[in-house]
Amino acid sequence: MTIVDHHEPFKESPAEPAFFSLQVAEARRFFLDLEPQDGVPLQVISGGCEHAAPGYEVSRDDFPYLGLEFVARGSGRLQLGGASHRITPGVAFSYGPGVPHHITGDQEHGLVKYFVDISGDLAEERMAESGLAPGQVVQITAPGDIIHLFDELIRAGLRNTLRTPRICTLVAEQLLLRAAELAVDPGAANTPAFSTFQRCREYLEEHALELRTLGDISDACNIDPAYLCRLFARFDDLSPYQLLLRLKMNHAAERLATSDAMIKEIAADLGYSDPFHFSRTFKKVHGIAPEQFARRRPS
């Protein structure tokens, strides 16, 4: 198992798979066993996040594994199995053996995308169940949720432990299941209602720590609260307030895992004057009390 974790301008490493693009300004990538074992239901081959360099272009007539890519930022063009697509944030697409694909990034809007490559006896079936059989393109209605899982996949892949392959497989399965929940047809996504939903969700993700109520969200997005809730009911599996709580509790979990901040301090920073109310909300979201979560932090 070999790890590639680039934060500086990309330099070629002779140990890397040939299918890793060198046309990236920054990348966090890993790869596991490039020769899949027979009889394994599903296994992760590689994964990562790439910040495309100017002039980014990848063209393949074939690919040995099943690949899933997700656009986090920027835009570009995709030729997939003979069809042309515009790729923008929230778009996910798949390819595999016998599915030609050509990806280019726009010069003005740098492409940032995640990817995972998988193999196994049930890999294609799992992809199809998620609506992402090789050659498919979908729009993900809650990009932040997919990004969260991709980030977890990368963290697992970069840990380089004996359990890394198994953990990566489990996270990849979660990714596919979550995509199945959140995917809509790109044509259905090209509507004013979806654009409004995306605008509101992106604002919520960027400003969650500043917002406290549904009214705060609707006022900031200049939209009626009832209509905002209807948009989320149509395009998401969380209400806007439920998403706000999840984002806040994700931030709290990150601080508990990476700092020595006290629980009451984190609660106050997130707008909770009552630490017990914060603890109840944290447990509802994460299934564990913040005190227990903090004790899991490595010493």
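Of the residues examined, Ala25 is one that is open to solvent by 50 Å² or more (accessible area, probe 1.4 Å), in contact (Cβ under 8 Å) with a residue 24 or more places away in the chain and part of a strand (DSSP E or B).
Conditions (1) of a type outside the set (Phe, Trp, Tyr); (2) open to solvent by less than 20 Å² (accessible area, probe 1.4 Å); (3) closer than 30 Å to Asp117 by Cα; (4) not in a helix (DSSP H, G or I), marked per residue:
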{"residue": "Arg178", "(1), (2), (3), (4)": "yes, no, yes, no"}
{"residue": "Ser218", "(1), (2), (3), (4)": "yes, yes, no, no"}
{"residue": "Asp237", "(1), (2), (3), (4)": "yes, no, yes, yes"}
{"residue": "Lys248", "(1), (2), (3), (4)": "yes, yes, no, no"}
{"residue": "Arg255", "(1), (2), (3), (4)": "yes, no, no, no"}
{"residue": "Ser273", "(1), (2), (3), (4)": "yes, no, no, yes"}
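Taken together, Ile87, Ile118, Ile103 contain a single residue that is of a type in the set (Val, Ile, Thr) and under 21 Å from Leu170 (Cα atoms), which is Ile118. Restricting attention to region 155-168 and to residues that are within 27 Å of Asp236 (Cβ to Cβ) and either crowded, with 20+ Cβ neighbours inside 10 Å or touching a Phe, Trp or Tyr at 6+ places or on another chain (Cβ under 6 Å) (or both), the residue that is modelled with the lowest pLDDT turns out to be Ala156.
The condition of being touching a helix residue (DSSP H, G or I) at 6+ places or on another chain (Cβ under 8 Å) and either in contact (Cβ under 8 Å) with a residue 24 or more places away in the chain or of a type in the set (Ser, Thr, Tyr) (or both) holds for only one of Val71, Val58, Val91, that being Val91. Within region 183-207, restricting attention to residues that are in contact with a Ser or Thr (Cβ under 9 Å, 6 or more places away or on another chain) and of a type in the set (Phe, Trp, Tyr), the residue that is modelled with the lowest pLDDT is Phe194. Just so you know, in region 203-223 the residues that are out of contact with any Cys (no Cβ under 9 Å at 6 or more places or on another chain) and in contact (Cβ under 8 Å) with a residue 40 or more places away in the chain include one that is farthest from Leu66 (Cα to Cα), and it is Arg212.
Residues of region 69-85 that are of a type in the set (A, V, I, L, M, F, W, C) and open to solvent by 10 Å² or more (accessible area, probe 1.4 Å): Ala72, Ala83.
Ala289 falls short on exactly one of the conditions (1) over 18 Å from Leu211 (Cβ atoms); (2) open to solvent by 60 Å² or more (accessible area, probe 1.4 Å), and that condition is (2). Every condition in (1) touching an Asp or Glu at 6+ places or on another chain (Cβ under 6 Å); (2) open to solvent by 30 Å² or more (accessible area, probe 1.4 Å) holds for Lys113 except the one numbered (2).
Would you mind stating whether Pro225 is open to solvent by 20 Å² or more (accessible area, probe 1.4 Å) and touching a helix residue (DSSP H, G or I) at 6+ places or on another chain (Cβ under 8 Å)?
Judged against the criteria, Pro225 is a match.
Selection within region 28-40: residues that are loosely packed, with under 15 Cβ neighbours inside 10 Å and at pLDDT below 90. The member of this set that is farthest from Leu170 (Cα to Cα) is Asp38.
The values are calculated or read from the model by the stated rules, or taken from the named source; none is laboratory data. Worth saying up front: this structure is predicted, and the values here are computed from it rather than measured. Cβ atoms come from the backbone with ideal geometry, glycine included; neighbour counts cover every protein chain shown. For accessibility, only protein heavy atoms count, side chains too; no ligands or nucleic acids. Shrake-Rupley method; radii C 1.70, N 1.55, O 1.52, S 1.80 Å.
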